[in-house]
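Novice: Below you'll find the structure I mean.
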Amino acid sequence: MKKLINNVDDIVKEQLEGMALAHPELKFNDEPRYVWHEPKQKQVALLSGGGSGHEPLHAGFIGDGMLTGACPGEVFTSPTPDQMYECAQKVDAGEGVLFFVKNYTGDVLNFETAVELLHGDDVKVGSIIIDDDVAVKDSLYTAGRRGVAATVLLEKIVGAAAAQGQSLEQCEALARRVNNQARSFGVALQACTVPAAGKPSFVLADNEVEFGVGIHGEPGIERREFTDVKTLVEQVFSELVDCPDYSRTLREWDREKGEWTELETTTERFDLDSEYIVLVNGLGGTPQCELLGVYREFALKCKATGYNIGRQLIGDYCTALNMEGFSITMLKADKELLELWDAAVNTPALRWKC
Amino acid sequence: MKKLINNVDDIVKEQLEGMALAHPELKFNDEPRYVWHEPKQKQVALLSGGGSGHEPLHAGFIGDGMLTGACPGEVFTSPTPDQMYECAQKVDAGEGVLFFVKNYTGDVLNFETAVELLHGDDVKVGSIIIDDDVAVKDSLYTAGRRGVAATVLLEKIVGAAAAQGQSLEQCEALARRVNNQARSFGVALQACTVPAAGKPSFVLADNEVEFGVGIHGEPGIERREFTDVKTLVEQVFSELVDCPDYSRTLREWDREKGEWTELETTTERFDLDSEYIVLVNGLGGTPQCELLGVYREFALKCKATGYNIGRQLIGDYCTALNMEGFSITMLKADKELLELWDAAVNTPALRWKC
Amino acid sequence: MTIEKSQILNWLNSCADIFAKERDYLTQLDADIGDADHGINMNRGFERVKDKITTIEDQDIGTIFKTTGMTLLSSVGGASGPLYGTFFIRAAAAGNGKQSIDLNDLCQIFSDGVDGVVARGKAQPGDKTMCDVWWTVVEALEKSKDEGQDLQQALVAMGEASEKGAAATIEMQAKKGRASYLGERSIGHQDPGATSSMMMVKALRDVVVGQA
Amino acid sequence: MTIEKSQILNWLNSCADIFAKERDYLTQLDADIGDADHGINMNRGFERVKDKITTIEDQDIGTIFKTTGMTLLSSVGGASGPLYGTFFIRAAAAGNGKQSIDLNDLCQIFSDGVDGVVARGKAQPGDKTMCDVWWTVVEALEKSKDEGQDLQQALVAMGEASEKGAAATIEMQAKKGRASYLGERSIGHQDPGATSSMMMVKALRDVVVGQA
Ligand SMILES: Nc1ncnc2c1ncn2[C@@H]1O[C@H](COP(=O)(O)OP(=O)(O)O)[C@@H](O)[C@H]1O
Ligand SMILES: Nc1ncnc2c1ncn2[C@@H]1O[C@H](COP(=O)(O)OP(=O)(O)O)[C@@H](O)[C@H]1O
Ligand SMILES: [Mg+2]
Ligand SMILES: [Mg+2]
Ligand SMILES: [Mg+2]
Ligand SMILES: [Mg+2]
């Protein structure tokens, strides 16, 4: 293993210090660990978090028009409740705090604890589960679909809504809608190396890919033969569009009763009338030139089948350390979502119109 | 070798098609190969080019406030004169065309031929050599310093000047000034794999780096021991700031006489009174999180020694396929350069204020 | 015969030592079917526990467990952090005000603990989680109680049960946690959380009974 | 004895075949001290030349060389593209209007060619470039002329000279082109451009004299 680090134990701290040095408008607190900024206006505070190693997720999306704060855990390890608790206290402007939680057992459990603690302190708090990874087929025999790169799209869109002054309830409803309209699927060509583990999490032959891989170096849904990018992207396209309805029970925090309620909810169908926001996302070790090749195949396939790409983003946005590979996210969008997408955003990793 | 491509022979074409599909405001011509856009206003046309494999350089920087067009060669192979010739014809709005040429024998020779051809057709043409790589120590026993990541800063700054309506002569003078105030130095942790070659250009042990590496997979100036990011960045910092004056003869096109003149020119000294624009540039296979660690060390070292970082950019801007490693560029800036840097830019890879 | 508070403290310290030693092994188990961090998580958490308990040695066993749970909760992260955290926080009740515990208490402590884990994580038997060890362990303790075994015998049986519980996860298909994404590919690997639970159980046996 | 136009066409075709065959070898030489593309560049360029010359078989040798040069210029890229392009464009003069060439012409052709390369690339003897082959070759041809050798003998000597010229680059330190960045590390490797030049020279010998 050769990495640009000093000490395996300090890498999360030092990378966040690097980010804070580069972007003085971001404030970094080390114990407990969180990053935040002061929004221009009084608004619902949007708070994300999860394991580190997915850079620029999460802290790279803090700024006007997107996140208010983020709680990074250790590499691939969800953060602890004290981080969310203190960060939420810091960023709450009285309009309430909304947590964005990717659907992993660890993230869910740790954020739930934080929600309970904050409720006890009379903070108006909400929590949204993101579960866009269609590689996971069922929720009965698994922990349910994982939260992956749709997180970026969701945080951008809800970030714009919050900046426009929408309420906590409106932001929650919007986030749930975006989550149900988004699908992602990932493929790895080569595993990442978790620094503390010191060697690649798995080894693939030159003609193999992990198909349906997550963002934590865990193996994918299956190992497939790799021939060329066209074939591979067509397989991913099928997984995304030929995806059956998916119903699952998601826990939501009932602010009135102060308890968790279980809500059965079903994903939205894709159709040919909508526009889609497409994210071709690099997993960390794949160069731009190859991602452009992936986008080409995907765009051609969409054209051929009548799917209408309204907006696109190509690059490393939700990574898995140095994993080689990509994921594709499709978000079915209407006028409202497109407008929120186009709205000004000013963060280290996503910036336009300001 | 496992890459997200179809056919080794088609990768440049397909990646440019991908870019054009993603950014319909960019037009792509395949034979001869070039990419261009229509600027909002009548202005000096800025044209870049060079081997492919450095994405987002060059085509990713086409757009308002930066390049007008670019001529990508095959992977790591400079483009041919017919590309520059036709692209220049296409983008010339009567205000003249300025070529940005990185100092490699191949680029220089091919661009020179294009300049001569265009001059014959009465196009007002200029050509700027970029040679910022301080890893190359002399120009007597070598082809001279290479052009590397300062290209990005130079194209941004001159792009802003051209968009403001500055003349070809003004743009040339500005570009020469930026080039003499910029220094870069690169380090590789792992070689890239040129697709047509099929295997890594060199192999490094786990405790070795190529120190002073270029962006074409060629070995660096020397092989050094790698211990940690702090030590490595301090070594790079010394190379950048302790760099003696560098004089060399650069060829310039004399539009009046229609011939090449040789101009002896010397780099600018660095001082502690200026602000610096710093680019921590990933070489393609290095994840964000590690680049942030590099930036941290560099920023701390600058603070400790009194160098003042006025602006920064961290990410993959001038890459070498999937090479693991980074380069650091320092550009000594004054108020004028900082204002041009801050001006609006709207390209696939660099965007702000619009 | 009872387990003294000093032995409980020794146990927690011993867990810290074991997780320092087995960090890479547990991480490797997690690399096979998870995200290669379980050993690192447990090591980080119990290092903190070890530090922390030096400041509360005077308190009762309940407080020690509660503090252990809170410390794990705010230092382990991942799935195992809140689960082991909850385990100890719930386990604390049956140790409240006590300076020593007997077989009955121990049975209650572990059984409350695993109930807490289930309340949070909803695991069912056979889901290939740490619970598959704790259930086997509680069952063994109940049996020892019913059969009137002494504490020493019960702890030996408990240690064996934990090994069985952990080994049994090899053939299971994961239905909870990160390993569940692998579907059938999770079969054939011992669950990392079950393994760390087994290590904790055996550490208690070894502290009280002496190395086997 | 002269070299007929048909043999010149055979030569260019044979170069195309050789660069197709030696593509990876030349690329590997370039990987050692350059950027691993020289074989690919030469292969791409001469494939085009091969296509192109079928359309101008009727023209004189000068035109054939000029077309070859223009084709290389617009298809090879890199340093070698403009250099080989210039080589053939300059070489064309001495072939203008001719359907065959003699030893004198050949000497002039190669000498004009390498002068063109120097005008563009400024290489000096010992800089470890393709010129180190062409100079040795021109020198050998001059010597054959002076000694009154026949064309056949001259071509054999020329082939040997090209091998010597290429081999001599091994011990040189590169001072031009990409390999110059390596400084002393460039010593010990045969220059890719010198090697492709040698291949072209030997191809001409083989076409005219017959495989050795
Ligand atoms: N829902 C659950 N109930 C009980 N135990 C669980 C559950 N989910 C995961 N675990 C346990 O947690 C272990 C993984 O812990 P760890 O690797 O530290 O966290 P993460 O999976 O978040 O990386 C698994 O081996 C399993 O024993
Ligand atoms: N200034 C020069 N004069 C003569 N030959 C040169 C010069 N620079 C480079 N060369 C030749 O070009 C060869 C490299 O060609 P190639 O690999 O195709 O181009 P590039 O170096 O641009 O990748 C070198 O091996 C050398 O023989
Ligand atoms: Mg984890
Ligand atoms: Mg080249
Ligand atoms: Mg884990
Ligand atoms: Mg080359």
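Novice: Which whole-angstrom value gives the distance between the alpha carbon centres of the range C:26-83 and the range A:282-341?
Specialist: 39 Å
Novice: Okay, moving on. Kirkwood Rh, chain B, all Cα pairs: how many Å?
Specialist: With all distinct Cα pairs of chain B included, I get 20.2 Å.
Novice: Additional query: Just to be sure I follow: if Rg is taken over the C-alpha atoms of the protein assembly as shown and Rh is the Kirkwood radius over the same atoms, what is Rg/Rh?
Specialist: Using Cα coordinates only, the ratio equals 1.05.
Novice: Figure the gain on full extension for B:D9 and B:T227 (residue separation times 0.36 nm, minus the Cα-Cα span) and round it to one decimal in nm.
Specialist: 74.6 nm
Novice: Here is a follow-up. What residue among B:F28, B:F326, B:F226 has the largest mean-square fluctuation in a Gaussian network model of chain B, using Cα springs under 10 Å?
Specialist: Of B:F28, B:F326, B:F226, the Gaussian network model singles out B:F226 as fluctuating most.
Novice: Give me the inter-chain shielding for B:216-223: mean count of other chain Cβ atoms within 10 Å, whole number please.
Specialist: 5
Novice: To continue, here is another question. Mark the label point 7 Å from the Cα of D:Q153 along Cα→Cβ and return the residues of the range D:90-126 whose backbone N is within less than 18 Å of it.
Specialist: The answer is D:102-107, whose backbone nitrogens lie closer than 18 Å to the label point.
Novice: Shifting gears a bit: Give a residue-ordered list of calculated ³J(HN,Hα) values for the range D:185-198 (Karplus: 6.51 cos²θ - 1.76 cosθ + 1.60, θ = phi - 60°; whole Hz; x for Gly, Pro).
Specialist: 5, 7, 5, x, 10, 6, 5, x, x, 4, 5, 5, 5, 4
Novice: For chain B, modelled as a Gaussian network with Cα springs under 10 Å, which listed residue fluctuates most, B:L291, B:L283, B:L140?
Specialist: Looking only at B:L291, B:L283, B:L140, the biggest GNM fluctuation is shown by B:L140.
Novice: Okay, moving on. Under the classification rounded if a/c is under 1.5, otherwise prolate if a/b is larger than b/c and oblate if not, where does the range B:21-178 fall, given a ≥ b ≥ c as square roots of the Cα gyration tensor eigenvalues?
Specialist: rounded
Novice: Provide the descending list of Cα extents for the range C:155-212 along its principal axes, expressed in whole angstroms.
Specialist: 40, 16, 13
Novice: Could you check the simple spin-label distance between C:D146 and A:W260, using points 7 Å along Cα→Cβ, in nm with one decimal?
Specialist: 3.2 nm
Novice: How large is ³J(HN,Hα), in whole Hz, for each residue of the range B:119-133 in order, when computed from phi with the Karplus curve 6.51 cos²θ - 1.76 cosθ + 1.60 and θ = phi - 60°, using x for Gly and Pro?
Specialist: Whole-Hz 3J(HN,Hα) from phi for the range B:119-133: 4, x, 9, 6, 7, 6, 10, x, 8, 10, 8, 9, 9, 9, 7.
Novice: Let me ask something additional. Setting aside same-chain residues fewer than 8 positions from D:K66, which lysines have a Cα under 20 Å from its Cα?
Specialist: Partners found: D:K5, D:K50, D:K52, D:K98.
Novice: Any lysines with Cα under 24 Å of the A:K90 Cα? List them, leaving off those in the same chain fewer than 8 positions away.
Specialist: A:K13, A:K27, A:K40, A:K42, A:K102, A:K124, A:K156
Novice: Would you pull out the residues with amide H under 5 Å of A:L98's amide H, same chain only if 5 or more places away, H placed 1.01 Å from N?
Specialist: Those qualifying (amide H under 5 Å, at least 5 residues apart or on another chain) are A:A45, A:L46, A:L47, A:G126.
Novice: Spin-label point model (7 Å from Cα, Cβ direction): what's the C:E163 to D:A93 distance in nm?
Specialist: Here the modelled spin labels are 9.3 nm apart.
Novice: Continuing with this model, one more query. Ignoring everything except DSSP H segments at least 4 long, calculate the 222 nm mean residue ellipticity for chain D; use -39,500 (n - 2.57) per segment, divide by total residues, nearest 500.
Specialist: Estimated from H runs of four or more residues: -22500 deg cm²/dmol.
Novice: May I ask for the net charge around D:H189, where only other residues with Cβ less than 13 Å from the Cβ of D:H189 are counted and Lys, Arg are +1 while Asp, Glu are -1?
Specialist: Charge balance in the 13 Å sphere: -3.
Novice: Based on Cα coordinates alone, diagonalise the gyration tensor for the range D:40-111, multiply each eigenvalue by 5, take square roots, and list the semi-axes in whole Å, largest first.
Specialist: Output for the range D:40-111: semi-axes of 21, 14, 8 Å.
Novice: I want to verify a result. In a Gaussian network model of chain C, Cα cutoff 10 Å, which of these has the top mean-square fluctuation: C:G62, C:G39, C:G78?
Specialist: So, out of C:G62, C:G39, C:G78, the one fluctuating most is C:G78.
Novice: Something else now. List the residues, sorted by chain then number, that are 5 or more residues from B:G51 or on another chain and whose placed amide H is less than 5 Å from its amide H.
Specialist: Result for B:G51 returns B:G73, B:T77, B:S78.
Novice: With chain A rotated onto chain B, spot the residue of A whose Cβ lies nearest the axis and note the distance in whole Å.
Specialist: A:G285, 3
Novice: OK, next. Using θ = phi - 60° and the Karplus form 6.51 cos²θ - 1.76 cosθ + 1.60, what ³J(HN,Hα) does each residue of the range C:141-150 get, whole Hz, x for Gly and Pro?
Specialist: Working through the residues one at a time gives 5, 4, 4, 4, 4, 4, 7, x, 5, 7 Hz.
Novice: While we're looking at this one, here's another question. Taking each pair of distinct Cα atoms in the range C:3-209 once, what is the resulting Kirkwood hydrodynamic radius in Å?
Specialist: 16.6 Å
Novice: Could I ask something else about it? What does the net charge come to around B:L350 if you take all other residues with beta carbon closer than 10 Å to its beta carbon, with K and R at +1 and D and E at -1?
Specialist: After counting each charged neighbour, the total is +2.
Novice: Right, here's the next one. B:K42 versus D:A20, label points 7 Å from Cα toward the beta carbon: distance in nm?
Specialist: 5.2 nm
Novice: Then there is this: Any chance you could check the Cα centroid distance between the range A:16-63 and the range A:151-180 for me, in angstrom?
Specialist: Between the Cα centres of the range A:16-63 and the range A:151-180 lies a distance of 18 Å.
Novice: Add +1 for every Lys or Arg and -1 for every Asp or Glu among the other residues with Cβ under 12 Å from the Cβ of C:Q124, and state the total.
Specialist: After counting each charged neighbour, the total is +2.
Novice: Just tell me which lysines come within less than 17 Å, Cα to Cα, of D:K143; anything on the same chain fewer than 8 places away is out.
Specialist: Straight-line reach from D:K143, under 17 Å: D:K164.
Novice: So who's got an amide H within less than 5 Å of the one on A:I130, skipping anything under 5 residues away but keeping other chains? H placed 1.01 Å off N, in plane.
Specialist: Under 5 Å from the amide H of A:I130 lie the amide H atoms of A:V101, A:K102, A:N103, each far enough along the sequence or on another chain.
Where a number appears in this text, it was derived from the coordinates with a stated rule and is not lab data. All of these numbers come straight from a predicted model, not from anything done at the bench. In this analysis, Cβ positions are derived from the backbone assuming ideal geometry, glycine residues included, and neighbour counts consider all displayed protein chains.
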